[in-house]
Amino acid sequence: MKSVPYHLCFETLGNDLRIRILAELAKKPMSVQTLVSKTGAQQSTVSHALAELRNCNFVVSTAEGKQRIYTLNPNVAKEIENTSPGTPAFLSIMEKHFKEHCKGRCRKIE
């Protein structure tokens, strides 16, 4: 059986700014400008972090006028809601996420 490359998702999540962005988006959808204000990071840095999260399907975006509004992928949000804090379900969530959403797009599989 081929092992699931968990490290790919962990590499995407292994960044403080990306974690803070996910935490903010768990509250409500936001624009890049709002995330810049909430995180204190520069716009280019936030945009790059959002691109990484979008490539791995942790977030999705929609156009509202000239802005892009980012939100958690509904499936990711549901997975987070259905997981009890402190349970060892995190790896099963990562495996499910990788198989259903990432499909190897998070990072190149080595």
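The values are calculated or read from the model by the stated rules, or taken from the named source; none is laboratory data. In this text the structure is predicted, and so the values were computed from the model without any measurement. With ideal geometry, Cβ positions are generated from the backbone for all residues, glycine too; neighbour counts draw on all protein chains shown.
Applying the criterion of being crowded, with 17+ Cβ neighbours inside 10 Å and not hydroxyl-bearing (Ser, Thr, Tyr) to the residues of region 25-41, the residue that is nearest to GLN67 (Cα to Cα) is VAL32.
Only one of the listed residues (ALA63, ALA26) is under 26 Å from LYS96 (Cα atoms) and of a type in the set (A, V, I, L, M, F, W, C). That residue is ALA26. Annotation: of all residues in region 56-81 being part of a helix (DSSP H, G or I) and exposed (fewer than 12 other Cβ atoms within 10 Å of the Cβ), the one that is farthest from the chain's Cα centre (by Cα) is GLU81. Within region 5-14, restricting attention to residues that are farther than 13 Å from ASN55 by Cβ and surrounded by fewer than 16 Cβ atoms within 10 Å (Cβ to Cβ), which residue is modelled with the highest pLDDT? That would be GLY14.
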